[in-house]
Amino acid sequence: MAIAFLGLGSNEGDREVYLKKAVAEISKIKQSSIQKESSIYETEPWGKKNQRDFLNQVIAIETKLGYRELFFQCQEIEKALGRKKRECWGPRKIDIDLLMYNDLVIEEESLCLPHRRLNERRFVLVPWAEIASEVRIPGLWKTVQEILDGCPDRGKVKFYKKGEMVVHGRS
């Protein structure tokens, strides 16, 4: 079994509903189960500022799937929930990022693990630290909390709502 962390974000439509739907769909991924779910945070947009604030959260899952299959499943959930790739860092109904998968360090065209620039993104690090502050990030060799403490990003990340643990996924 592998442990993976997923970052979720939404800033179009009913943002909270999109996060809840994404978590519900992730809980249905075969041979996987959600272990922890952070609270939801309202965050300033990163990269492209002139858009609505996001709601973000991080979840930890345990899975028997390989990292490519898990990544593919997350992309399929995004599509099913209406995600359309329009512009880099632009608005979106749902975004599901594979942040980390075990201790893998991978640089592929469509996927980098751990996720590129996570050490520069408070909107990822704050919810992640809530559920797994002592996890050591491969390649960076620091814990999530240590990376958050040194994060140069000062964008607003404020508590929005406590996460709701969902029914565990199927085996």
- What does the charge add up to near R15, with Lys and Arg as +1, Asp and Glu as -1, over the other residues with Cβ less than 9 Å from its Cβ? -3
- Sorted by mean Cβ packing within 10 Å, highest first, what order do the peptides 129-136, 97-104, 117-124 take? 117-124, 97-104, 129-136
- Report the relative contact order of the chain, percent, no decimals, based on alpha-carbon pairs under 8 angstrom and at least 6 residues apart. 34
- Task: Based on a Kirkwood Rh over C-alpha pairs, give the Stokes-Einstein translational diffusion coefficient of region 108-168 at 10 °C and viscosity 1.306 mPa s in µm²/s.
- Result: 124
- Given only helices, namely DSSP H runs of n ≥ 4 each adding -39500 (n - 2.57), what is the per-residue ellipticity at 222 nm of the chain, to the nearest 500 deg cm²/dmol? -7500 deg cm²/dmol
- Query: When the scattering of region 64-161 is computed by the Debye formula from its Cα atoms alone, each counted once and equally, what is log10 I(q)/I(0) at q = 0.18 Å⁻¹?
  - Reply: -1.00
- Counting pairs of alpha carbon atoms under 8 Å apart in space and at least six apart in sequence, what relative contact order in percent does region 84-164 give? 23
- Note on the structure: The ratio Rg/Rh over the Cα atoms of the chain, Rh being the Kirkwood inverse mean 1/r radius, stands at 0.92
- About the Cα centre of the chain, how large is the charge dipole given +1 on each Lys and Arg Cβ and -1 on each Asp and Glu Cβ? Please answer in debye to the nearest 20. 500
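Values in this text are rule-based calculations from the coordinates and carry no lab data. No experiment lies behind these values; they were computed from the predicted model shown. As a convention, Cβ positions derive from the backbone with ideal geometry for all residues, glycine included, and neighbour counts pool all protein chains shown.
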